[in-house]
Each structure stands twice: as structure tokens, then as C-alpha cells.
Amino acid sequence: MTRPLAILLLLAASGLVPPALMPEPARAQVPPEQDAGWQSDFSGLRHFTGLRCPDMIGTFYRIKVMQGDAVSLAGCVYTGRGGITAVLRNHLEDTGRREALTFSRNYKAAGFEPIRLTGAAASGTSFRTRNWTAKSLCETLWYFSGEKADYTLWLSYTLPTQEVEIGPALAAFTQALASQN
């Protein structure tokens, strides 16, 4: 505590300084939702880009809101059973395919092994990102074209144990995207 503040506090306690002259304590400032890039929405939130991110999509819970960057307009991170992670991103119209190609090039350049999967994962671009344990970590990216924007969905999961969860996850996120305005 600074010496002048300590003296003011002593004077105020003795009644020699009226409380109105005492400095205001610092208060935490939480920016209003309008400045944070999203607004509360029925069962979740809506980014200013228009992307709606419900609190839950299928068995996934939203755990983080992502701001836009040079590539993506907005997005949210979700977590599912057993630690499956999903990232839903909103992109400019007609850029989803380019984002999927960039994903593929970057993962190949990093030395990750591209893999072909069956079922729902077959329609995305998949890489094995960890193969030195009994369970391989796999990452898959799908892109979707919408009327006014494109979207990507990235899932991180283990093979073979979580492979059966990919179909229901993809269906839930696809349905959530279909209900975008």
C-alpha cells in the first residue's frame, strides 16, 4: 500500500476525511458480450459472423469460444466422451476446400501419416498423429459449403476405440450446421 493511501485510510477511519473523497477501489472489468464477438443465443451463443454454437451438439459440450483470425471467422471447441475433441470453424464463402487442402499440406509437411478410414471418417481428410502407443491418435477434417459461408469440422480421437463415435459425431455437427441461419 502506498504511503498517501495509507494516510488517507487512517484519516478516513478517524473521521477527518469524508468517504466521498476516498479513492474508488479498482473493480474488475468484464467486457460486454457485444465487444467479445458473440452474443447469448437460445441454448448457446451466436458469433457476430452468424455461426451458432449451441452449448451441446450431440454428446459434445462447448468448452471454448474461438475468435476469428486471418483464416477463420469464428469457431468453438467442443469435448466429447473419452476426450474426443471437436473444433467447429466458420470460414468465408467458397474457402472451405482451400482450408482442407491447407490442412492436408501442413500435416504432410509435419511428417504425419495420411490414412484412409472407413465409415464417416472416409469423407474427411485423416492423419495418424501418434502411433507409438497401443492407441493411435487420429485427426480428421471435413469441410462443408453453405449458402453464405463455409465451415470446417476437425476431430481428434483414438483408434480403434473411438472410431465408432465418429459417425454419430459427424451427424450431430452436420445437423447443427444445417440449422444455421
query: In the list N106, N131, N90, which residue meets the criterion of being farther than 25 Å from Q180 by Cα, within 21 Å of the chain's Cα centre (by Cα) and in the same structural domain as Y157 (by TED's automatic domain parsing)?
result: N106
- line: If we ask which residues in region 105-140 are part of a strand (DSSP E or B) and among the basic types (K, R), their number turns out to be 2
message: Six or more apart or on different chains, Cβ atoms under 8 Å: show the pairs whose first residue is in region 137-165 and outside the structural domain of R97 (by TED's automatic domain parsing) and in contact (Cβ under 8 Å) with a residue 24 or more places away in the chain and whose second is small (G, A, S) and part of a loop (DSSP other than H, G, I, E, B).
response: none
field: Count - residues of region 80-104 that are part of a loop (DSSP other than H, G, I, E, B) and within 17 Å of L155 (Cα to Cα)
entry: 2
- request: For R27, state whether it is part of a strand (DSSP E or B), modelled with pLDDT under 90, of a type outside the set (S, T, N, Q) and over 30 Å from C138 (Cβ atoms).
  value: no
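Which residue out of G119, G80 is in contact with a helix residue (DSSP H, G or I) (Cβ under 7 Å, 6 or more places away or on another chain), surrounded by fewer than 12 Cβ atoms within 10 Å (Cβ to Cβ), of a type outside the set (D, E, K, R) and assigned by TED's automatic domain parsing to the domain that holds D150?
Of the residues listed, the single one that is in contact with a helix residue (DSSP H, G or I) (Cβ under 7 Å, 6 or more places away or on another chain), surrounded by fewer than 12 Cβ atoms within 10 Å (Cβ to Cβ), of a type outside the set (D, E, K, R) and assigned by TED's automatic domain parsing to the domain that holds D150 is G119.
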message: surrounded by 17 or more Cβ atoms within 10 Å (Cβ to Cβ) and touching a residue at least 24 places away in the same chain (Cβ under 8 Å): which single residue out of A171, A176 fits that description?
response: A176
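Could you say whether any residue in region 94-103 is under 22 Å from F60 (Cα atoms), touching a strand residue (DSSP E or B) at 6+ places or on another chain (Cβ under 6 Å) and assigned by TED's automatic domain parsing to the domain that holds C53? Don't jump to the end; show me each part of the working.
To start, the set of residues in region 94-103 that are under 22 Å from F60 (Cα atoms) comprises none.
No, every residue in region 94-103 fails to be under 22 Å from F60 (Cα atoms), touching a strand residue (DSSP E or B) at 6+ places or on another chain (Cβ under 6 Å) and assigned by TED's automatic domain parsing to the domain that holds C53.
The values are calculated or read from the model by the stated rules, or taken from the named source; none is laboratory data. Given the structure is predicted, the values throughout are model-derived calculations rather than measurements. For neighbour counting, all protein chains shown are included, and Cβ atoms are generated from backbone atoms with ideal geometry for every residue, glycine included.
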